[in-house]
Every structure is written in C-alpha cells, then in structure tokens.
Amino acid sequence: MNDHSPEVEGCFTVGAGVSVKGTFSVPQRAIINGTVEGEITAKELLIGTSGKITGKVSAEIVDVHGEVNDTLNASKALILRASGRAQGAIGYAELEIEKGAQLRGTLTVITDEPAPAATKPLVRSTS
C-alpha cells in the first residue's frame with residue numbers, strides 16, 4: 001500500500017513550535033509554520049502566520065503570512081499578506097502587498113530580459 005499521495009510528494013512542512021537549522025532543497029511546496037535558520041529553496045513557499053525564516057530563501061512563488069529576514073528571491077511572485085513581514089535583500093518578478101504588511105530592505109525586480117549592453121561613444125577618424 002502506498003501512503004504517498006501526489007500532492008504530498010516532494011513537499012516539506014515545519015510545524016508550529018518546531019525549529020530547524022540547515023540547507024533545505026524542496027522540489028515542490030514548503031510550508032513553514034515554525035522557525036527555520038539557514039537556506040531554503042523550493043518551487044512554492046508558504047510562510048504561515050507563526051512561521052519565521054532567517055537566511056536565504058529562493059522560490060518561484062513566495063506567500064508570506066509570517067516573517068522572513070535576510071535574503072528573499074521570488075522568481076515569479078512575492079505575496080506579502082497583512083500579517084507578513086519581510087526584511088533584507090528582496091528580489092521579485094511580481095509583487096503583491098496587502099495593507100498592514102511590513103517590508104524593509106532593498107527591493108530588486110527580477111526580469112527575464114538581459115541587461116542592456118553598454119553603448120560606446122561614436123568615434124570619428126580623421127584621415
């Protein structure tokens with residue numbers, strides 16, 4: 001008998017009251033209701049109201065109801081809920097902030113477009 005359902009495979013959950021430290025690579029969804037210190041990479045990341053992450057966070061979609069500090073990169077979308085707090089170096093492709101949310105730090109828009117090439121000044125030669 002297989003106890004794994006498709007929606008749970010590749011997922012990681014830290015329950016309320018649980019503290020973990022380390023580097024975590026999650027293929028699908030990570031749900032954080034406890035405390036994480038370190039680095040977490042996931043496809044989707046949900047930080048619950050009691051959740052707190054201190055360290056480097058990287059995911060396509062980040063939904064913050066709790067707290068994240070240090071470095072946060074959301075390659076598709078960052079959603080900061082009314083109860084959410086984000087502080088540090090924050091990169092995002094799309095940003096949604098609810099009234100009451102707290103956001104402090106350096107914000108950088110992540111784009112798929114390459115940086116424009118430096119232009120050279122025109123030089124005329126005289127012969």
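Where a number appears in this text, it was derived from the coordinates with a stated rule and is not lab data. All values derive from a computational prediction rather than experimental measurement. FYI the Cβ positions are ideal-geometry reconstructions off the backbone, even for glycines, and counts take in every protein chain you see.
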Review point. Near LYS43, which lysines are there with a Cα under 28 Å away, not counting those fewer than 8 places off in the same chain?
Key: LYS21, LYS52, LYS56, LYS76, LYS99
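Between THR49 and LYS21, take the C-beta separation as r, use R0 = 22 Å, and let me know the FRET efficiency to the nearest 0.05. Present the calculation step by step, with values, prior to reporting the outcome.
On the way: r = 21 Å, r/R0 = 0.97.
With R0 = 22 Å, the Cβ-Cβ based efficiency is 0.55.
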Exercise for review: Along Cα→Cβ, 7 Å out, is where each label goes; now give me the distance between the ones at VAL109 and GLN28 in nm to one decimal.
Suggested key: 3.4 nm
Check your understanding: Quick one: net charge of LYS21's neighbours, Cβ under 12 Å, K/R +1, D/E -1?
Key -> -2
Exercise for review: Could you pull out every residue, at least 5 positions away or on a different chain, whose amide H is within less than 5 Å of the one on THR13? Hs are placed 1.01 Å off N in the peptide plane, and Pro or chain starts have none.
Suggested key: ILE31
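Can you give the alpha-carbon Rg of the range 20-109 over 2.2 N^0.38 Å, where N counts its residues? Let's see the in-between values first.
Working: Rg = 11.2 Å, N = 90, 2.2 N^0.38 = 12.2 Å.
Normalised Cα radius of gyration, the range 20-109: 0.92.
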